[in-house]
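Let me begin by presenting the structure, written as structure tokens, before commenting on it.
Every number here is computed from the coordinates shown, using simple stated rules; none is lab data. As the structure is a computational prediction, the values presented were derived from the model and not from experiment. Here the Cβ is made from the backbone with ideal geometry for all residues, glycine too, and neighbour counts use every protein chain on show.
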Amino acid sequence: MPAAAYGLGLAACGVAVAWGVHRALPAVPLLTAAVVLGIGAAHLPGTRGLVRGRCRAGLTLAGKRLMRLGIVLLGLKLSLDDVLGLGWATVAMVFCVVAATFGGTWWLGRRMGLRGDQPLLIATGYSICGASAIGAVGEVSDSDEQDVATSVALVTLCGTLAIAVLPLLQHPLGLGDAPFGRWVGASVHDVGQVVAAAQTAGPAALKEAVLVKLMRVALLAPLVAALAVSVRARAGARRTTEARRPPLVPLFVAGFLCMVALRSTGLLPAGALDTAATGQELLLAAALFGLGSAVHLPSLTRTGARVAALGLCAWVVIAGVSYAGVLLTT
């Protein structure tokens, strides 16, 4: 049996358990449950040895390859009509929120001295689409697995807390259902977490939240492409061979854009889109289980205070900027 098969099998079991948790507790998104179960598997006495030994290769494969496939299918959730339907004011607001959150979080993380690519990864996760964006950027920048896993754990935790906190703030902040939905879509990280938080205010809020969120997802492609250009430039400066320089547009990003174009044609039936959405959720859940299993809590505690402080600051920035943007565009 190939060495990777053991880890992929464990990831499949983790996804099955996460699915069961989500079905029993719909407020808990599937992807959130998958990350938590992956972290648990890495530390429980009964599975810790498997995760660090025989299953490691397969879990790493899940965290990388399955993540790419899931991101490609994520493109089927977005069409050009959806973006145009938001209106230029809302589109501009989303651009501003993403730029302010990404730039501010990255700068602050570097100032705080976080290790490796953690500032870049956390900035990407908060500003774009949570763990999926972290996985995509981690692939292009060839980030350390521990940095990716730590960033995923932080962004998942804050996104999960947002499910409980943001609905409590709707009325104190004077937001109607539709503006509240836009605020959730602009400030919460993962698509599943957006749905869980916005649905508390009804269908109007949910629709606005998903559209704004998918607009943020659309910005994943240009961000990854820009990062690939930067990595290529650094590789060229070091006189690295062409074979080791990353492509200008990674294949999975090109696939994401092709899926957006395909969805925009309107040719795909609803059944095919539903099937693809289910497949995308399962692939990302398996990938996040794999990433969660790479989290090493004793190592995390050594930089945990700084990581947590950066996460809190980034959360305040994205919530505050997106709230201001919603008020200006309502």
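Relative contact order, percent, of the chain when contacts are C-alpha pairs under 8 Å separated by at least 6 residues? Write out the running numbers ahead of the final one.
Details: 533 pairs, mean separation 109.2, N = 330.
Taking the mean separation of contacting Cα pairs over the length of the chain, I get 33 percent.
Apply the a/c threshold of 1.5 to the C-alpha gyration tensor of the stretch 48-128 and tell me whether it is rounded, prolate or oblate.
Numbers: a/c = 5.06, a/b = 1.39, b/c = 3.63.
Oblate is the answer for the stretch 48-128, as a/c is 1.5 or above yet b/c matches or exceeds a/b.
Sort the stretch 1-59 into rounded, prolate or oblate with this rule: let a ≥ b ≥ c be the square roots of the eigenvalues of the Cα gyration tensor; rounded if a/c is under 1.5, and if a/c is not under 1.5, prolate when a/b is larger than b/c, oblate otherwise. Walk me through the numbers on the way to the answer.
Numbers: a/c = 3.00, a/b = 1.85, b/c = 1.63.
Since a/c reaches 1.5 and a/b is larger than b/c, the shape of the stretch 1-59 is classed as prolate.
Arranged from highest to lowest average of other beta-carbon atoms within 10 Å per residue, in what order do the peptides 6-19, 66-79, 159-172 appear? Kindly include the intermediate steps, with their values, before the conclusion.
Values: 6-19: 20.4, 66-79: 22.6, 159-172: 17.0.
For the peptides 6-19, 66-79, 159-172, the packing ranking is 66-79, 6-19, 159-172.
Nearest 10 degrees is fine. How inclined is helix 130-141 to the longest principal axis of the chain, computing both from alpha carbons?
Relative to the chain, helix 130-141 is tipped by roughly 50 degrees.
Taking the alpha-carbon centroid of each part, what is the distance from the stretch 1-52 to the stretch 139-192 in angstrom?
Comparing the Cα centres of the stretch 1-52 and the stretch 139-192, I get a distance of 22 Å.
With angles folded into 0 to 90 degrees, how steeply does helix 118-127 sit against the dominant principal axis of the chain? Use alpha carbons for both and round to 10.
Once rounded, the angle reads 30 degrees.
Checking the cross-link filter: which aspartates and glutamates have an alpha carbon closer than 19 Å to that of Lys77, excluding same-chain neighbours under 8 positions apart?
Correct list for Lys77: Asp190, Glu208, Asp274, Glu281.
According to the square roots a ≥ b ≥ c of the eigenvalues of the Cα gyration tensor, what is the shape class of the chain, taking rounded for a/c under 1.5, prolate for a/b larger than b/c otherwise, and oblate for the remainder? Mind showing how you got there, number by number?
Numbers: a/c = 1.32, a/b = 1.25, b/c = 1.05.
Rounded shape, in that the Cα axes give a/c under 1.5.
Which length gain, in nm to one decimal place, applies between Ala164 and Met112 when the Cα-Cα distance is subtracted from 0.36 nm times their residue separation? Display every interim value, and only then the final one.
Numbers: separation 52, 0.36 × 52 = 18.72 nm, distance 2.83 nm.
Gain on stretching Ala164 to Met112: 15.9 nm.
On a 0 to 90° scale, report how tilted helix 145-169 is relative to the longest principal axis of the chain, with both axes built from alpha carbons and the result rounded to the nearest 10.
30
Just grab the label-to-label distance for Val91 and Arg52, each label 7 Å out from Cα along the Cβ direction, in nm (one decimal).
Using points 7 Å along Cα→Cβ, the separation is 5.1 nm.
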